[in-house]
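Here the structure is laid out as structure tokens; the discussion comes afterwards.
The values are calculated or read from the model by the stated rules, or taken from the named source; none is laboratory data. Note that the structure is predicted; figures quoted are calculated from it, not measured. Using ideal geometry, Cβ is built from the backbone for each residue, glycine included, and neighbour counts are taken over all protein chains shown. Side chains included, ligands, DNA and RNA excluded: accessible areas come from the protein's heavy atoms. Shrake-Rupley method; radii C 1.70, N 1.55, O 1.52, S 1.80 Å.
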Amino acid sequence: MAATLAQIVSYLDGIGWAYDVRTEEGRVVTGVQATHLENLLIVIALEEAGEFFKIYAPQVLSGLKNHPHLGAALQTLLTISWETKMVQWEYDPSDGEVRAMIEFPLEDSLLTQRQFLRCLDALVRIVDEKAFPRLQKTLLTGQDPGDEADDERFLLEFEQHLPGVAERIYRAVSRRKQRIQSFPPGED
């Protein structure tokens, strides 16, 4: 009951995506206009006679081999892997390419449309919305800015349990900043 390229094509047809079938390679190549990545290339591959499924975004970043903040970028990728499901990150040390990958064995199971669409959505969403903007900042500064959206979600959740607390925290932080600016540490 292995997956087939025809099955992948039918799932892509169902959502109206354009694609290029490369039968001899066992792949379908597609892409999407994303928010942060102008053209997010996506490769869907079947291996082991259709019993192994892969979907990946090649060249999410490239040319990082000698980048001064490579270590920080790789650490950020590992952190993003920790924070998310399914997507794993690969780094090619020969040329500095970073790619995002979802892969799993199908063996004697079917690849359902629901599974396929979840993988496709997760790959696009995590790469474009979560990882790419964060990696850009890390490569510029050498520091992982963290998941800024996660910080906001935390504050909103906190606010649900204690209404008004977000405003109080904001006022307290603002007053503290003003006090520190007025009396820098070590000048008492």
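Yes/no matrix, rows are residues, columns are (1) surrounded by 17 or more Cβ atoms within 10 Å (Cβ to Cβ); (2) touching a residue at least 40 places away in the same chain (Cβ under 8 Å):
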| residue | (1), (2) |
| --- | --- |
| Ile42 | yes, yes |
| Ala45 | yes, no |
| Ile55 | yes, yes |
| Gly63 | no, no |
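Of the helices (runs of 4 or more DSSP H) lying entirely inside the stretch 128-188, those containing at least 3 residues that are at pLDDT below 90, within 23 Å of the chain's Cα centre (by Cα) and surrounded by 10 or more Cβ atoms within 10 Å (Cβ to Cβ) are 148-161. Assess whether Ser81 counts as being open to solvent by less than 60 Å² (accessible area, probe 1.4 Å), hydroxyl-bearing (Ser, Thr, Tyr) and assigned to a helix (DSSP H, G or I). So Ser81 fits the description; yes. Part of a helix (DSSP H, G or I) and under 12 Å from the mean Cα position of the chain (by Cα) - does that describe any residue in the stretch 64-76? Checked the stretch 64-76: at least one residue is part of a helix (DSSP H, G or I) and under 12 Å from the mean Cα position of the chain (by Cα). In the stretch 95-111, of all residues being aliphatic (A, V, I, L, M) and out of contact with any Leu (no Cβ under 7 Å at 6 or more places or on another chain), the one that is surrounded by the most Cβ atoms within 10 Å (Cβ to Cβ) corresponds to Leu111. Going through the stretch 1-38 one residue at a time, which ones are open to solvent by 70 Å² or more (accessible area, probe 1.4 Å), assigned to a helix (DSSP H, G or I) and either closer than 15 Å to Pro58 by Cα or among the hydroxyl-bearing types (Ser, Thr, Tyr) (or both)? Thr23 - this is the single residue of the stretch 1-38 that is open to solvent by 70 Å² or more (accessible area, probe 1.4 Å), assigned to a helix (DSSP H, G or I) and either closer than 15 Å to Pro58 by Cα or among the hydroxyl-bearing types (Ser, Thr, Tyr) (or both).
Got a sec? Which of Ala6, Ala49 is modelled with pLDDT under 95 and out of contact with any Pro (no Cβ under 7 Å at 6 or more places or on another chain)?
Only one candidate qualifies: Ala49.
The set of residues from the stretch 84-110 being assigned to a loop (DSSP other than H, G, I, E, B), more than 18 Å from Thr138 (Cβ to Cβ) and under 11 Å from the mean Cα position of the chain (by Cα) comprises Lys85, Met86. For Thr30, the test of being at pLDDT 95 or above and of a type in the set (Val, Ile, Thr) is passed.
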